[in-house]
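One structure below.
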Amino acid sequence: MADPTVPPSSAPLPRIQALAAPEMAAVDTLIRQRLASDVVLINQVAEYIIGAGGKRLRPMLLLLAAGALGHRGQDAHQLAAVVEFIHTSTLLHDDVVDESDLRRGRKTANAVWGNAASVLVGDFLYSRSFQLMVELERMDVQRILADTTNTIAEGEVLQLLHVRNPDTDEAAYLRVIERKTAILFAAATRLGALLAGADAATQDALHDYGLNLGYAFQIADDVLDYASDAATMGKNLGDDLAEGKMTLPLIHAMAHSDAAIRAELRRIIEHGDIDGMPIVQNAIAACGSLAYSRARAMDYANAAEATLSALPDNDHVAALRGLARYSVSRDH
C-alpha cells in the first residue's frame, strides 16, 4: 500500500521540493561553507551565481535517489554539493563561450565581472568539487565524477563543432545533450543509488532514469527558446539562434521545409541572424516542429519513469516520477 502522502506522478515541483527540503537545507549550508575563500573576488562571483536561485534539480535528484532506497546522511549532502558545484562551474563557462548576458532573469557573472573572472571562478568551483569528493575516500565515487566531468567537457567541444552548422542532424544533437546535460543527471541518480548500497542493476536503473530525464529536460528547454518569452524564461528569447545552437525544433524544421525555406534557414543559421527569428518561427510552426520536439521529450520522460518500476513504492520514488512529468510540462 502506497503512503497516502506520496505525491502522484503529476505532482507539481513545489511538493517535490518540499519532500527534499530538510536535506536540501543541509546541502545549501554545506555549499556556502565550502564556497569560502580568502580571495574576495571568488566569494563575490561564486555567491552571485550560487545565490541566484534556480531549482537545484541535480543535487535534489541525488538526494531523492538515495532516499528512494532508504539512505540519508552527510555523505549524500556532500555529494549533492559536489554535483551543484560541477553544474555551477559549467554555467560560468557556458555563459562565457555563448557570450550570454542574461540568466535566470538577471545579468550573467561574465556580464558583471568579465570573462576572465567567470572562467577562473568556474575553475575554482571544479577544483573545490574534487576536494569535496576526495574527502569521502571512495574511489568508486571519484571514478564516476571524474568520468562525468570529462564527458561534459567533451560535450562542450562537440557543441562548438556544430555551432552555426545547418547540417547538424537529430543524432548529432542528441550526442551533444547526452554529454552536456544528461550525463550529470545520470551521475547524480547513480551516486544516490551507490551511497545506498544498491546492487548493480538498481544503480544502472537509476543511471538510466537520470539519463532519460536529462534528455527530456534539455529538449523541453530547447522548445521554450522558440515558444516562451524572456520574462518567463529568464533569458533572451532567440538566444539559441543568435548563439548558433542547432536545437531540435530548428533541426526538424530544416529537415522538413521546402527547398526555398531551407535555403533561407541555412543563411540565417550560418550568420546567427537574430533578425531572421520570424522566418525561423514560421518554418517551425509550418513543420509542426514544436509538437514533434515536445513528443520526443515526452518519449524520454516516459522512458525515465519506466526505469523506476522495480524500485520500492515510496514517496521518494513517486517524487522521481513527478520530476519526469515536470520535465516536459514546465514553462521555464
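Taken together, the values in this text are just the output of simple stated rules run on the coordinates, not laboratory data. Worth saying up front: this structure is predicted, and the values here are computed from it rather than measured. So basically every Cβ, Gly included, is an ideal-geometry build from the backbone, and we count neighbours across all protein chains shown.
Computed about the Cα centre, the dipole magnitude for the chain is approximately 520 debye when only Lys and Arg (+1) and Asp and Glu (-1) carry charge, each at its Cβ. Alpha carbon centre of the stretch 285-324 versus the stretch 155-232: separation in Å? Taking the Cα centre of the stretch 155-232 as reference, the centre of the stretch 285-324 is 13 Å away. Only Cα sites of the stretch 175-332 enter the Debye sum here, all with the same form factor; the resulting log10 I(q)/I(0) across q = 0.10, 0.12 1/Å is -0.42, -0.57, listed in q order. D by Stokes-Einstein for the stretch 13-329, Kirkwood Rh over Cα pairs, 4 °C, 1.567 mPa s: 64 µm²/s.
Principal-axis analysis of the Cα atoms of the chain puts helix 200-227 at an angle of about 40° to the longest axis.
Measuring nothing but how far apart in sequence close Cα pairs (under 8 Å, 6+ apart) lie, relative to its length, the stretch 175-220 scores a relative contact order of 54 percent. Take the alpha-carbon centre of the stretch 69-107, take the same for the stretch 251-281, and report the distance between them in whole Å. Taking the Cα centre of the stretch 251-281 as reference, the centre of the stretch 69-107 is 33 Å away. Working from Cα positions, state the angle (0 to 90°, nearest 10) between the long axis of helix 115-135 and the longest principal axis of the chain. With rounding to tens, the tilt is 30 degrees.
Relative contact order for the stretch 13-329: 21 percent, from Cα pairs under 8 Å spaced at least 6 residues apart, divided by residue count. Protection proxy ranking, highest mean first, for peptides 81-88, 219-226: 81-88, 219-226, where packing is the per-residue count of other beta-carbon atoms within 10 Å, averaged.
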